[in-house]
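To start, the structure under review is shown below, and the notes come after it.
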Amino acid sequence: MKDNNCIFCKIANGEIPSSTLYEDDDFRVILDISPASKGHALILPKEHYNNIGVVPNTLSCRIPELAAKIGIASQKALGASGYNILVNTGESAGQTVFHCHIHIIPRYDNEKGIL
Ligand code: 5GP
Ligand code: ZN
């Protein structure tokens with residue numbers, strides 16, 4: 001299902017251009033418009049789900065492997081020494097876009113802090 005008012009639906013389905021790192025039938029991985037570090041990426045399901053808590057298991061089970069691949073790619077391609085996998089779920093937890101997305105934030109030895 002698609003939500004016509006949702007910007008991430010439009011990005012995930014290619015109606016709005018984005019810096020795409022990876023795409024398959026179910027997911028698009030893009031660069032965050034306001035990155036917390038170099039290579040900050042977002043995994044977006046192409047279907048609209050308000051948050052990760054309502055993504056069906058058949059889809060959510062793919063997320064850990066995808067996240068690890070993006071994180072490892074950031075280490076190989078950008079020289080990151082680590083990465084955070086972060087999911088803000090609900091307004092009180094800092095979620096600002098209500099289409100499920102998973103942050104992959106590469107970390108570098110010369111940068112400290114978690115956000
Ligand atoms: P949240 O706070 O909901 O976990 O994260 C939303 C993220 O989406 C933020 O890091 C924000 O910079 C990013 N974002 C918001 N709008 C856009 C957009 O139009 N394009 C891209 N690439 N990222 C966006
Ligand atoms: Zn959406």
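The number of residues in the range 29-51 that are under 17 Å from Asn84 (Cα atoms) and either surrounded by 18 or more Cβ atoms within 10 Å (Cβ to Cβ) or among the hydroxyl-bearing types (Ser, Thr, Tyr) (or both) comes to 10. The number of residues in the range 75-115 that are within 16 Å of ligand 2 (Cβ to nearest atom) and among the aliphatic types (A, V, I, L, M) comes to 3.
Listed here are the residues, each with its yes/no results for (1) within 16 Å of ligand 1 (Cβ to nearest atom); (2) over 18 Å from Ala12 (Cβ atoms); (3) among the aromatic types (Phe, Trp, Tyr).
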site	(1), (2), (3)
Asn50	yes, no, no
Val54	yes, no, no
Gly71	no, yes, no
Ala80	no, yes, no
Tyr83	yes, yes, yes
Gly90	yes, yes, no
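Among residues of the range 8-23 that are near ligand 1 (Cβ under 7 Å from one of its atoms), those with a Cβ under 8 angstrom from a residue that is assigned to a loop (DSSP other than H, G, I, E, B), sequence gap 6+ or separate chain, pair up as Ile11/Ser18. Residues that are in contact (Cβ under 8 Å) with a residue 40 or more places away in the chain, among the hydroxyl-bearing types (Ser, Thr, Tyr) and surrounded by 14 or more Cβ atoms within 10 Å (Cβ to Cβ): does the range 61-84 have at least one? No, the conditions are met nowhere in the range 61-84. Of all the residues in the range 24-39, those that are within 27 Å of Gly79 (Cα to Cα) and either touching a Pro at 6+ places or on another chain (Cβ under 7 Å) or away from ligand 1 (no atom under 13 Å from the Cβ) (or both) number 5.
Readers should treat all values here as calculations from the given coordinates under stated rules, not as data from a laboratory. Source: prediction; values computed, not measured. Every residue, glycine among them, receives a Cβ derived from its backbone with ideal geometry; neighbour counts consider all protein chains shown.
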